[in-house]
Amino acid sequence: MIRKIKGTMDIFPEEAALFQYIEGVMREEAQNFGFGEIRTPTFENTELFVRGVGDTTDVVQKEMYTFADRDENRSISLRPEGTASVVRALIENGKCSEAMPLKYYYIISCFRHEKPQAGRSREFFQFGTEMFGTDSPYADATTIALAHSVFRRLGLLPNVKLHINSIGCPACRPTYRQSLIDYYSAHKECICDTCKERLVKNPLRLIDCKNPDCAALAKEAPRTTDALCEGCSENFEKLKSALDAMGIEYVVDPAIVRGLDYYTGTVFEFIAEGIGAQSTVCGGGRYNGLVSSLGGPDLPGIGFGMGLTRVLLAMRALGLDKLAPKVPKLYIATLGEGASLVALSIVERLRKEGVYAECDIVGRSLKAQMKYANKLGAEYTLIVGDAEVEAGKAPLRNMQSGEQTEVELATFTFL
């Protein structure tokens, strides 16, 4: 038997309905905030992610699915995240000269070669937003408010909590970077091998290491907010004031640094309780230098990515994953070939009118058909045999009340 690839998922109708519900809420809230949908390719030139995501990140170094293009001498990668592709599309299609801010959302599949566990798979689904053309902390607050609104609609508040931080800009980041190097160099014998590499390549990632010894050191490490320049400090205070004004609760968390190189200034995560180690259901922040680094103008940006599977796990932990199944308005039980043809014509007519209707296409006995109608939860049933076909009429039965009404088979409708 051929099995699915490790770290991928089969999603059947019951769970797919939950995904559709969650996605529907995400689309509605994004549109309410003025975001329009963008769709980008599933794979891109590898260089885009190396330059955009960062060649020192675990995503680029260890996790991307990369392969040689069959037709051309170039390297292709399945997208590990959504932002870099959106920025490439923005630049390539001349969108940077349009009226600001530009606001996009997407619901996509992404791919990373990580160790599978609850809430983490190698193909995963993500709702993301990107806003370009404004450096205002009020834009940061608006982006956070959109994610917050999704969680509110899904019933996940206050179980999902907002954590915010600022990691500074190119002016103040070097000072903080050096303070981290000095601190961790003094404790180099206590950190894991991965963090020893990070100490040289990407010191900021030392803060969010999950190794117990490294995590203990991180609690006493220098804080990003203590090294902010005047501009970054002022923006962070304005962000907090904006969130206060919008009634959005938050925790200032120095451990929030995010794992991708393009982040600057505001970073944030929404963290869910009770879903295991992979508790971050949404993460994002500002990336003011990303557009210019990929060949575009100096255009500020901010966005987030929200994992659909983790959102579903958070809903399941609260018992919010039960949706009422869609049930047929009508089930037609048939006896004989002629009755089957009449039933097919009726359900086709009803479906064109937007009514969910079913009839037997398996060849069950009448008793089995009625049992199946009950299993489906059909609101009404018709039993059609040769006599009903000849008369052109049949009894319509309300399955809840048991009440029966005779209807004309040729003109019967629920409208």
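How big is the antiparallel share of DSSP beta bridges in the chain, given as a percent to the nearest 5?
80 percent
Does anyone have the angle between helix 173-185 and the longest principal axis of the chain? Alpha-carbon axes, 0 to 90°, nearest 10?
80 degrees
Cα centroid distance between the stretch 374-400 and the stretch 239-314, in Å?
Centre-to-centre distance over Cα atoms comes out at 55 Å.
Counting other Cβ atoms within 10 Å of each Cβ, which trypsin sites (Lys or Arg not before Pro) in the stretch 3-109 have at most 12 and sit in a DSSP loop?
Those that pass, being in a loop and sparsely packed, are Arg3, Lys4, Lys6, Arg39, Arg70, Arg74.
Measuring from centroid to centroid over Cα atoms, what is the spacing of the stretch 1-36 and the stretch 198-228 in Å?
Computed from Cα coordinates, the inter-centre distance equals 34 Å.
With +1 on each Lys and Arg Cβ and -1 on each Asp and Glu Cβ, how big is the dipole of the stretch 337-402 about its Cα centre, in debye rounded to the nearest 20?
260 debye
Take the residue pairs Lys329/Lys367; Lys322/Lys375; Lys161/Lys188; Lys188/Lys210; Lys6/Lys188; Lys4/Lys115 and return only those whose Cα atoms are more than 27 Å apart.
Listed pairs above 27 Å: Lys161/Lys188; Lys6/Lys188.
Which angle between 0 and 90 degrees, to the nearest 10, do you get for helix 13-32 versus the longest principal axis of the chain when only C-alpha atoms count?
Long axis of 13-32 versus the principal axis of the chain: about 60 degrees.
Quick check: pseudo-label points 7 Å beyond the Cα along Cα→Cβ at Ala387 and Gln20, how many nm apart are they?
Label at Ala387, label at Gln20, 3.9 nm between them.
Quote the relative contact order of the stretch 330-408 in percent (integer), defining contacts as alpha-carbon pairs under 8 Å separated by 6+ residues.
35 percent
Can you give the Rg and Dmax of the chain based on its C-alpha atoms, in angstrom?
Answer for the chain, Rg first and Dmax second: 27.7, 93 Å.
Taking the chain as the reference, fit the longest principal axis to its C-alpha atoms, fit the long axis of helix 366-376 to the helix C-alpha atoms, and give the angle between the two in degrees, 0 to 90, nearest 10.
Tilt of helix 366-376: around 30 degrees.
Computed from the coordinates by the stated procedures, all read-outs in this text should not be read as laboratory data. Note that the structure is a prediction, hence the values are computed from the model and not measured. In this analysis, Cβ positions are derived from the backbone assuming ideal geometry, glycine residues included, and neighbour counts consider all displayed protein chains.
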